[in-house]
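A.B. asks: First the structure, which I've put down as structure tokens, then a few questions once you've had a look.
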Amino acid sequence: MVENVIIIGSGPAGLSAALYTSREGFNPLLIRGVSSGGQLLLTTDVENYPGYEKIAGPELIRLMEAQAIKFGTRFVEGDITKVELGSKPIKVYVNDTVYETLSLIISTGASSKWIGLPSEKNFTGRGVSSCATCDGAFFKNKEVVVVGGGDTAMEDSLFLTRFASNVTIVHRRDAFRASKIMQQRVFANPKIKVLWDTAVEEITGDKKVTGVKLKNLKTNNIAEMKIDGVFVAIGHQPNSSLFAGQLKLDDQGYIITKDDVLTDIEGVYVAGDVADRFYKQAVTAAGAGVKAALRVREYLSMLKFEEDQKAKL
């Protein structure tokens, strides 16, 4: 059986694409992947998704899944081991099973880079975050730490000063990698201070974050600091390795698209954070999923027209 459309990824982009293609009657097959749900599963409360004053990230994903299922989306569990984008039909391998499809929507997302501490994982969603724009408003008049030294860390720190009483940037080196203008803005902000040559050794707390243990990398001294939140801003890694050599990737691994969702391969579309190196919001990912779905509708309609024309000959 050749599918009309396969969707890879079950975050907001993939689920929005599934909703639109299922309502069109294309009976889409969505491959979740083992790490299903995307970045929203790491978010406690979402307050910036239209239509919801506040909703838990996992609950938003659950509702989106239920809506897609209602209109006919089918789900497959498991990680994809290989894709053949140039074949006709396109081939998608999930372990020992091969699926064939006329069109494909790639919405595999991006993964936040983490420090790698056990305590970091324990407190994710309880004071530890990788998204300042998602969670910053929950730290009004609180003291927070931002880990990193690139443009993302600078942007997150400046954004957090809108809410937090003060922001401390913890950086392993004695100089930032960020652009000069971003550094100037940070240094000029009285609510931001910097700890150079320092690493977070442990995040402490009970039910939520209450502090961090910091190590000076030159002296090896350990100091404790009371804070309310830790924002890890050391970048994202797009989940695109599966497509290397078949699709064009930029220097950071993001899939390069045309007109937001088009690729150089006919019938292959991309949506969400795997191609978005700037916005990284649930609502923009959902919008991209809709765009990809509408492109699929156009493509499948073209294939149907060509098939009908051949039948008339």
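Just so you know, all these numbers are worked out from the coordinates, no wet-lab data involved. As the structure is a computational prediction, the values presented were derived from the model and not from experiment. Here the Cβ positions follow ideal geometry from the backbone for every residue, glycine too, while neighbour counts run over all protein chains shown.
A.B. asks: Does a label point 7 Å from the Cα of R185, set along Cα-to-beta-carbon, have any residues of the stretch 138-162 with amide nitrogen under 16 Å, and which are they?
C.D. replies: 149-162
A.B. asks: Turning to a different aspect of this structure: Highest mean first, how do 142-148, 118-124, 270-276 rank when packing is the count of other Cβ atoms within 10 Å averaged over residues?
C.D. replies: 270-276, 142-148, 118-124
A.B. asks: Let me ask something else about it. Would the stretch 114-232 count as rounded, prolate or oblate if I go by the C-alpha gyration tensor, calling it rounded below 1.5 in a/c and otherwise prolate when a/b exceeds b/c, oblate otherwise?
C.D. replies: Oblate, since a/c reaches 1.5 and b/c is not below a/b.
A.B. asks: From the phi angles alone, apply the Karplus equation (6.51, -1.76, 1.60; θ = phi - 60°) to the stretch 286-295 and give each ³J(HN,Hα) in whole Hz, x where the residue is Gly or Pro.
C.D. replies: 4, x, 5, x, 5, 4, 4, 4, 5, 5
A.B. asks: Follow-up question, since we're still on this one. Residue by residue, what Karplus-based ³J(HN,Hα) values in Hz, rounded to whole numbers, does the stretch 161-170 have, using 6.51, -1.76 and 1.60 with θ = phi - 60° and x for Gly and Pro?
C.D. replies: Going residue by residue, I get 5, 5, 10, 5, 6, 7, 10, 10, 8, 9 Hz, with x marking Gly and Pro.
A.B. asks: Quickly estimate the mean residue ellipticity at 222 nm for the chain, helices only: each DSSP H run with n ≥ 4 gives -39500 (n - 2.57), and the total goes over all residues, rounded to 500.
C.D. replies: After summing the helix terms and dividing by the residues of the chain, the value is -8500 deg cm²/dmol.
A.B. asks: Just subtract the alpha-carbon distance of E143 and V76 from 0.36 nm times their residue separation and send over the number in nm, one decimal.
C.D. replies: Extending this stretch completely gives an extra 19.8 nm.
A.B. asks: State the extension gain, in nm to one decimal, for the chain segment bounded by I256 and T133, taking 0.36 nm per residue of separation less the distance between their alpha-carbons.
C.D. replies: Between I256 and T133, full extension yields 41.9 nm more.
A.B. asks: Still on this model: Apply the Karplus curve 6.51 cos²θ - 1.76 cosθ + 1.60, θ = phi - 60°, to the phi angles in the stretch 48-61 and return the couplings in whole Hz, x for Gly and Pro.
C.D. replies: With coefficients 6.51, -1.76 and 1.60, one gets 10, 9, x, x, 10, 5, 7, 8, 5, x, x, 5, 4, 4 Hz.
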